[in-house]
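For reference, the structure discussed in these notes is given below.
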Amino acid sequence: MKRRGEQEIRRLFTIEGTSFIGVVATCTESLVLVPRFVPQRLVTELERSLGVPAVRTLVAETSLVGCLVVGNANGLVFSPYALDSELERIEAVARAAGVQLHLSKLPEAEVLSAAGNIILANDSVALVHPEVLEETRELIQSTLGVQVHTGTIGGVKTVGMAAVATNKGVLVHRNATYDELEFLEQIFELPVGVGSVNFGIPLIGAALLANSRGYAVGDETSGAELGRIVDTLGYEEPKEAADSEF
């Protein structure tokens with residue numbers, strides 16, 4: 001007899017010892033980027049949860065992958081401090097997995113250098129920090145192949161940490177205003193819902209990795225919070241998730 005939950009896809013994770021997995025990892029419809037030294041067992045579980053191949057990497061010689069990279073099925077945008085050798089390795093590993101991407105670094109003149117924090121994107125639309133340079137907006141548009149808008153979520157300018165967007169829905173900071181929610185629904189043309197992660201943290205992007213295939217979230221996330229993730233992002237699965245111990 002199999003133990004309870006043994007056949008379930010794991011959804012609750014820690015990576016590099018933190019439940020804020022969106023700080024140290026990021027995912028798209030094509031792949032998931034994780035810190036270079038995470039165990040293979042964890043990499044395998046993340047690939048299974050998200051339905052995409054994983055690429056191990058450092059960015060700017062750090063494990064803060066989720067803060068310093070953002071992307072979609074078309075490309076990846078990196079902090080200007082990312083090393084060319086890191087981009088070359090990511091491109092090579094992705095190509096070997098059958099994934100072709102445009103890779104770009106933010107302009108050196110852009111003081112808002114944490115790409116994963118300042119950009120919220122799916123495969124069609126990006127919302128970015130309202131103070132980014134015009135040059136940065138143009139680079140995001142060309143690399144990711146998206147319409148680019150500026151704005152805030154819950155008054156938070158670092159929109160990449162305040163929300164997660166997939167091709168099925170957008171889950172955002174619980175303090176998002178009516179006007180912000182209306183704007184998000186207008187530009188993404190998808191369901192938009194408010195929620196939290198890690199037992200009450202409103203910075204959704206700090207602890208949730210998601211695409212249209214599946215999701216992974218910090219292991220402190222409650223059952224009610226999992227329900228909001230499933231409902232808003234359109235997953236057809238039970239709202240209970242098996243714990244993961246890494």
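No lab work stands behind these numbers, since they all come straight from the coordinates. As the structure is a prediction and not an experimental result, all values here were calculated from the model. Because the Cβ atoms are built from the backbone with ideal geometry, glycine has one as well, and the counts that use them run over all protein chains shown.
Points to keep in mind about this one:
- Note on the chain: with a GNM built from Cα contacts shorter than 10 Å, the maximum mean-square fluctuation among Val170, Val192, Val65 falls on Val192.
- By other beta-carbon atoms within 10 Å, ranking Asp231, Asp84, Asp123 with the fewest at the front produces Asp84, Asp231, Asp123.
- Packing-based ranking, highest mean first, of 41-48, 158-165, 28-35 given that Cβ atoms within 10 Å are counted: 158-165, 28-35, 41-48
- Residues His173, His102, arranged from fewest to most other Cβ atoms within 10 angstrom of their Cβ, appear as His102, His173.
- Of Leu181, Leu50, Leu208, the one that fluctuates the most in a GNM where the chain has Cα springs shorter than 10 Å: Leu181
- Within the chain, no helix built from a complete DSSP H run reaches 27 Å or longer along its own axis (Cα positions) while carrying a mean Kyte-Doolittle hydropathy of 1.6 or higher.
- Of all DSSP bridge pairs formed entirely within segment 157-208, close to 50 percent run antiparallel.
- Relative contact order of the chain, pairs being alpha-carbon contacts under 8 Å that are 6 or more residues apart, as %: 22 percent
- Percentage of interatomic Cα-Cα distances in segment 18-233 larger than 23 Å: 38 percent
- Signed unit charges on C-beta, dipole axis of the chain, positive-most listed residue Ala114, Ile21, Gly154: Ile21
- In segment 18-233, the DSSP beta bridges split such that about 50 percent are antiparallel, to the nearest 5.
- Gaussian network model of the chain, Cα within-10 Å springs - most flexible of Val128, Val230, Val69: Val230
- Other-chain or far-sequence residues with amide H under 5 Å of Phe13's (modelled H): Val217, Gly218, Asp219
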